[in-house]
Structures are given as C-alpha cells and as structure tokens.
1. Only one of (1) more than 12 Å from ligand 2 (Cβ to nearest atom); (2) more than 22 Å from PRO213 (Cα to Cα) fails for ILE266. Which number is that?
2. Given (1) more than 13 Å from ILE125 (Cβ to Cβ); (2) touching a residue at least 60 places away in the same chain (Cβ under 8 Å), where does HIS102 come up short, assuming only one miss?
3. Has region 294-301 got any residue that is farther than 23 Å from PHE138 by Cβ, under 16 Å from the mean Cα position of the chain (by Cα) and within 11 Å of ligand 2 (Cβ to nearest atom)?
4. So which pairs qualify, if the first residue must be in region 3-15 and at negative phi and outside any strand (DSSP E or B), the second must be of a type in the set (A, V, I, L, M) and surrounded by 15 or more Cβ atoms within 10 Å (Cβ to Cβ), the Cβ gap must be under 6 Å, and the two must be at least 6 apart or on different chains?
5. Working only within region 242-254, note down all residues that are buried (at least 23 other Cβ atoms within 10 Å of the Cβ) and not in a strand (DSSP E or B).
6. Within region 530-578, restricting attention to residues that are among the β-branched types (Val, Ile, Thr) and closer than 18 Å to LEU493 by Cβ, which residue is surrounded by the most Cβ atoms within 10 Å (Cβ to Cβ)?
7. Name every residue in region 495-526 that is free of Cβ contacts under 8 Å to residues at least 24 places away in the same chain, of a type outside the set (Lys, Arg), farther than 21 Å from VAL550 by Cα and part of a strand (DSSP E or B), in order of residue number.
Amino acid sequence: QAIRLSDYRPPAYLIDEVELHFDLSPNATRVKARLDIRRNGDHAEPLVLNGERLKPVSVALNGRALGEGERTVDDEFLTIPNVPDVFTLETEVEIDPQANTHLEGLYMSGGRFCTQCEAEGFRKITWFPDRPDVLTRFTVRIEADRKFQHLLSNGNLLEAGELPGGRHYAVWNDPFPKPCYLFALVAGELDVLEDSITTMSGRKVELKIYVDPGMAPRAAYAMDALKRSMKWDEEAFGREYDLDLFMIVAVRDFNFGAMENKGLNIFNSSLLLADPATATDLDYERIESVVAHEYFHNWTGDRITCRDWFQLCLKEGLTVFRDQSFSADMRGEAVQRIKDVKQLRARQFPEDQGPLAHPVRPSSYLKIDNFYTATIYEKGAEVIRMLKTLIGAQAFRAGMDLYFERWDGHATTVEEFIRCFEESSGQDLSDFFAWYEQAGTPKVTVKRRYDEAARTLELELSQETPPTPGQPNKRPLPLPVAVGLLDAEGRTLAFERDGQAMDETVIVLKDGAAKVTLHGVDRPPVVSALRGFSAPVTLITDAEPKDRYVLLASDPDLFNRWEAGQGLARDLMLARAGGAPNEVGEERFAEAVGRALTDQAAEPAFKALLLALPSEQELALARQPADPAAIHEARETLRTRLALHLDEELRRLHTGLQQLGEFSPDAVSAGRRALRNAALDLMAANPRSEVVELARGHYEAASNMTDAIGGLSALMLIGGQAFEDALAHFYDRWKDEPLVVDKWFALQARDPGDGALGRVLGLTAHPAFDPKNPNRLRALVSTFASMNPSRFHDPSGAGYRFLADQILAVDAINPSVAARLVEPLGGWRRYRPEYGELMKAELQRIVGTEGLSKNVYELASKALAD
Ligand code: ARG
Ligand code: ZN
C-alpha cells in the first residue's frame, strides 16, 4: 500500500483551465467544477480523478450527463473509462464544511470558511487530479450569504456584486497555472489591515492581512515582516512579487503553522497576531520567520513546484534555508545560527536516530502528511547551506538564478535543482546527492597532531554514519568542516594551507575522510572545528576541557564559543547522571560562565543562550540507554550550582536589564529581555525567599507577555502558593484571549514539579480544553510529551498512557494532528528498559486499536518495527 518514488509516472491527463463555482453554506456547500482536460501522451487509460467525502450530484462530459454505466464513484476516485483526447468535464458535488474536523479541504473555523489543501486536501473539495505536477489556471466564483462579508480566493478579483436573497458573489482569477494544493478560499467576517509596496521594477502591490474582527492592530508586526521579506527577496535573490495583490488570512483552527497558497497565504493565528501584551518575543520571532517563509514560497514552491511529494524538500528545505538567511540578516547571524542548530538538534537529530529516520528525500510513504518532518524541513535546509559552502556564494547565487529561469512555471525534482548548481559551479555534485538519499546523522571525528619543531598541525578527519531502518550500510558523504585555530591565551593563530596564509579554512571530506597539514602554526593550537556548524553532524574531537575553556572564553566564531560551553555542560551532566559527578569541573564551569557573562563585548541575546544548559532530551540522546530521572537530577544540580555561584551576577543582570522606555520587539530589546528572564530562571534553581519575592515582583511588574511568562515560569519552578496565585491571576486576566490561554496550558504542561502530571491530566477536563482546536491540543499534550521529559517519563507509565489516550481520542477527530503526537513514544529504544517497555506497550495498544487512521498507523507501527 506504500507509495514509492520509483513508481512515478507522468499524469495521464492534463487540465489547462478550471472554473470552480462555490455555493457556500456551512452544512451543504455545492461545488461545481468545469475542467478543460486533454490526454497527456498516447495511451488509452481511463480518466481517474481523486475525490473523497464528496456527495455526487452530477457528472457531464462535453455537456452530456453521464449515466451510471459511464462512470464509477467510490471512496477515493471518480473513474470514466472512455474519454476523448480533448474534452470538458463538468461535475457537481456537495460537501459539509461544518462536519469537517480533519481541517483538510474546506472547513469552518470561528464561523468562517477556510481551506487547507496541501498535501492532499483538494480532493475533499471536488474531483480533480490531486497531484502537484498538474498545473492549471483557476477561475473561482464564490457565492454566499451576505454575512460572509469577504469572499477571497487566489489571484486577482475580477468582479463582485450583490445577488437576490441577501447573497453576494465574487469572481477570482489566478493567471499563474498552479497545482491544486495551492488553491485557497476564505469567506467570512474579517477585519483587514492594508498597506502597499512598490516592487523593484516599480509595480505597486496591495498588501492585505485579514484577521478576526477587532484584531487588525495585532497584524501590524506581520505586515512589517511581510514588507521586509518582499524587499529582502528582491535584494538577496532577485525575486520580485508577481501579482498586484498579496493577502494573508489568520485562522484559529489550523493543523500546521501556515500555508503558501498563491497570493492568499493562510496562517495559524498564533503565527500572525502579536502585540506586546499578548505575545512573547519568541512569538514575534516566529511570526517574522514564518511570514517570510510563506512569502518566499511564492518563488520556491509556487512558481516552481514539486513534481511529486517525494520532492517536498525541493520547496521546504530550500525555503527554510531562505527564511533562516533572512532571519540572520534581520536578527544577527550568530544568534540565529545557534537557535537554528538548537532546533535541529532538538527535533531532527532524534528523528534521524530513531525508528522514523528517513532521508531528506524519502523513497516511500503511506501518508505524505507524515513527512512534513524536521528532516525534510530543517535537515533539508542544512543540505542547501552545505551546498552553498561547498561551491561558494557566487556559484550558489548563479545556480539559483539558473533554477528560477529554467524551471519557472514547472513542477520539478531535486535532481534538476542540483543540476543547476553543477552547471553554475562546474563541479560534479553526484556524491553530494547522497545527502538527499541517505538517512542518519554522520559522526565526524577530528584528530590533531602538532609538531612543535616543524610548526605543523596535522588534522585527520573521518566519518561514520550509524545504520538506520532499511539502510544498514552507509556511504560517505561529502561535507565541509570549517576550522580555525586559537592559542592557549585565546588569540587567533594564523596558519598556512597550500602556501596561503589564513585564519580559517574549510576542510572538505571527500570519500569519507580528509587529512590536512597546516603550516606556520607558531604555538600549540586549540582547534575550533565545525565553526558555524558547517555540516549537520555530530562532532567527536580529542579536545580536552582546557581547550574548550579557551574556546568558551575567546573563540571569534560565536557559534563555537557557545558550543564549547554546551559541550562542557553536557559532559558534566552526563558524568553526574552516570554516577561519577565531577564537582571540581562543575565549579570551574560555573566560574567560566561567570566570566562570559561579564564580557562587555558580547550581546545579551548571546549570553542568554550561553546560560541555557543543554536540554534533558539532548542529554538523553547523547548517552543510551537514558535514565530520565538521573538526567533531570543531574541537570538540576548543575543549574543550582550555577545559581549559587553566579548569584550576584544574576541579580545584577536582573536589575540592570530592566526595560528602558517603550516596548520594542526588535532583536536587541528582545535579547535584553531574554537575558533578564534567563537570569531569573536560573535564580529559581536556588529558591530562597528573596528569589520568590523577586519572581513575584517580576510577574506583577511585567508590562509585556515575555516578562509575564518569564515571571510565571520562575514561580512555577519554585512552586508553592505564590505560583498558584499567579497562575490563577493569569487565567483570570487572559481567559478571553485564546492565544494567551494556550500559553497558560503550555506553561503548566512544562512544569517539572512533582504534581505536574496530575495537573495535566486534570486540565483535559478544564472547560477551556478543546481537542478539536490543534493549538489548544498541542499546548497541553505536545508540550507535556516533548518538553517535560521528567514528568512524561513518570516511572508508573502514566505519562505515556496519557499521551496514548490523547492520540486515540484525537485520531477520531483529526488524524494528521494525532499522528504528530506519536513521536515522543517513538524513542522507546533509547530509554532504560523499565521505561522503554512501558512506552512500547502504549505503542502496541495504539496499533491494536480498531479503526485507526493510516496516519497514526504508519508512525506507530514503524516505531515498533525492528
Ligand atoms: N507548505 C506549508 C509550509 O511549510 C506546510 C503545509 C503542511 N501540510 C501538511 N500536510 N503537513 O509552509
Ligand atoms: Zn514551507
């Protein structure tokens, strides 16, 4: 039943034009489609169109109604055995948007109509070849009751007007042929924030962001981010927007983050609406990056799309790379890089090292929805980043230009994309292609040999990728390792490579290994390897702690400066969790962090990242079988030691970083808040009564959501009545703001305290808990399962049982959302058997449940397979 890349065949029929006519009504929407179809090639295959959950009304070919014998309709397809080479097909179906809890196709959110078609939702709207390589020009007529005030679809508005009986209509035309997954329709009462820009060729583009009534002011930041994105894509990639109108709509009920429908992006409101009182700095940051991401898809996704869903990374990995580059330009390269790598390690590394490991371009799937993964998005972006490093910025840009020129208006493949860079760089990239086909995180080992007399440093690099399901033997991958040298005092050590003087070099591993001799190395070097995280690998070095202290204090590469601290902290915590605590080392680490905090040259945002220790999940991945209780204990112990040692400095930061003047969401102000909140968070690990008062005061004095959540989190870590009071106050203050209520649920789900599991179980009965709303569900359930390891891994197994119960309950409502809850159980083999067996038992219970969706079945059964 699996779908395979090797089975790809071009579409049997093409559709040049479609006219859709929607007669909207929440329970019974009529959809008429008029398709101009032509046979693609010389064959006698029947016409097969996808269609699910459609109530047939009529089917006519070239104006003649088809009888029962001339067509068949089943749960998945409309089949017409005999068709001419060129013809018009007219169909009419009825659908029930109100009953659509999958939130795929056409559904209702907050009393408004909206759509989500990627990947295979269009088939729940009308019969159509629901595959990305059929590109069609859409004309859409929408009719509805006047109370659905705005009637929106892709492209340009051709006409609009009144109809008898209190109804009205609008007709939209999208001049750009597109696959049906990019179709969108929205209808309802909305407020709109309007603006405009002039593009680089001097065209004026109207920008409109539609939101729930009363919310327009909260779209201002998204609008600002959109304008900056449009400008950036012109400057960085020469890409100009192509319609006269660009619209975004925010909806409350949405399965994912956002969707790049041509000219009409649809967003989860949590990634669009922000003001200082209700959104945190992290929300602002995400809004900026997702607005950019969806906008950038206009070229990498819409104008050039994927031939089939195996090519998903063609648009997603590339577009993530583009949005990461944008964010780096907006917010600072080093800090952005650290955040991106943290995210990669937290989400993609576990995937790559678990039962669901798959290549950036997978070769088979049951449900494509299950492949919107960190591997395809985040690792996909890393692959592009390496490509740019390997061929250089100029050849990279030239390759992108060629790609846009050659493939505009087409659905294409990763091979064709890479071919553009082979041509622009003149390099053979066939080895590089293995990055798309091979799963797993390579381990790269760096060995050094310094010869004092000869002043040479020999670096020997090798790699090994552990096996992943279905791929027992791994090929070596070409990968760039950026390297620089410091001396013991932390000064940059210059060197020569191939007769050239330099401070930094990129060593490329070809055929799995590399050996390089650097000359003119005057003093014993400390090696700073994999600078900027130049490849998505696990680095193994023979560096000693003293080398890492040098890097932590002085590496001009800020990524590696941060990384040195992370490595030191990780080893100390793992040693303690393994029963061999290194108290001297812990003290030394605390001192070094203290020095780093007083470094006047370092930005607050960077220091905030330095203060955050590697997560418990990251530690669990580093040494297996993992013992979640011991890891939690070890991490808390190191936090407490830091809190004790740095007490004075933390308090100084907390006082010194108070907000000056008006709130501003910019990166520098956000960095100051981040450091101040990180200081408070650490102080909570040493909770004396003054700290309780400090946290309470922090919460009460908060004039923005970042600080309110910061204060509340610190109180939560301390626990007790002060927390209970603040928590109740918070709910009372924000109960009418859904996005803030989500934060209230998520905060409690993250509580590492003893009573947290019971509280989480109780919250499923809270009147505000609504499993039909993906944001609310994820706030409680995903947050608990993936961000609260010490409580999720309750020795009784009650945390696992809770998750499995939720998966099964939600599967009946919304399978694609349910499937994305499976992942935390998937790592069962990494844990000590007393945990792992309990996790496995829940997976077995899930797989054994009758009527399970394909989505959940695919992930849960793969998690159990050997
Ligand atoms: N293309 C969208 C984006 O990344 C996400 C669509 C998610 N769809 C899915 N079936 N998981 O911007
Ligand atoms: Zn995307």
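The values are calculated or read from the model by the stated rules, or taken from the named source; none is laboratory data. These numbers were taken from a predicted model, which means no experiment stands behind them. Because the Cβ atoms are built from the backbone with ideal geometry, glycine has one as well, and the counts that use them run over all protein chains shown.
1. Only one criterion is unmet by ILE266, namely (2).
2. (1)
3. no
4. PRO11/VAL134
5. Answer for region 242-254, where residues must be buried (at least 23 other Cβ atoms within 10 Å of the Cβ) and not in a strand (DSSP E or B): just PHE254.
6. VAL550
7. Those that are free of Cβ contacts under 8 Å to residues at least 24 places away in the same chain, of a type outside the set (Lys, Arg), farther than 21 Å from VAL550 by Cα and part of a strand (DSSP E or B): GLN500, ALA501.
To keep it simple, each residue is scored yes or no on (1) within 15 Å of ligand 2 (Cβ to nearest atom); (2) buried (at least 20 other Cβ atoms within 10 Å of the Cβ); (3) in contact (Cβ under 8 Å) with a residue 24 or more places away in the chain.
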| position | (1), (2), (3) |
| --- | --- |
| VAL290 | yes, yes, yes |
| PHE349 | no, yes, yes |
| SER364 | no, no, yes |
| ILE368 | yes, no, yes |
| TYR377 | yes, yes, yes |
| VAL383 | no, yes, yes |
